[in-house]
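Reading through the structure tokens given below for one structure.
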Ligand code: S3P
């Protein structure tokens, strides 16, 4: 396996799992959120506030287009599947892993992880976040070539499973 792209809702563990797999396989680790923040020299929160979500999605797509073929482990932002060009490109990619978890698991992780770089969660009710999750679930499934249900798995178990498939 040359490269792997990890998708899933906020709190799915995409960043942590990609780091672990990158280390295990000695692959470069590319976190699209971090790359975007570096490229624009602004935090995700500020980008959303000053330039808007549509701008963010287009920049996220440009990064995906630039890196999707690079031998690496790529961690994407949870909303990448909502932007049609990114969705279409992901569907063409070979190794797209969906880290699936129940909404309750994700929401509890979000509460403990913090929401600073997650403007779509800040100040939102649990119901609203659940609606967002429900609206995306099918899209993650459609782009994925492999799905791992992570509710009862540790990061090591997920990573070890994924390097074998
Ligand atoms: C987003 C998820 C975030 C980040 C941005 C938007 C989303 O990434 O890209 O706040 O729309 O779900 P994580 O999934 O890494 O939290």
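Tabulated results
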quantity: Value of [θ]222 nm, deg cm²/dmol, for the chain, DSSP H segments ≥ 4, -39500 (n - 2.57) each, nearest 500; calculated: -17000 deg cm²/dmol
quantity: Euclidean distance between Cα centres, the range 130-157 to the range 54-127, Å; calculated: 11 Å
quantity: Gain upon complete extension [residue 108, residue 67; 0.36 nm per residue less C-alpha separation]; calculated: 11.6 nm
quantity: 15 Å reach of a label modelled at residue 87, 7 Å along Cα-to-Cβ, counting backbone N of the range 131-161; calculated: 132-144
quantity: Computed P(r) (all Cα pairs; the chain; 10 Å bins; percent); calculated: 10, 42, 39, 9, 0
quantity: Full-stretch length increase - residue 147, residue 165 - with 0.36 nm per residue and alpha-carbon distance subtracted; calculated: 5.4 nm
quantity: Gain on full stretching of the segment that runs from residue 50 to residue 26 - 0.36 nm per residue minus C-alpha separation; calculated: 4.9 nm
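A short reminder: the numbers here are calculations on the coordinates, not readings from a lab. Computed from a predicted structure; not experimentally measured. Please note: Cβ atoms are built from the backbone with ideal geometry, for glycine as well, and neighbour counts cover all protein chains shown.
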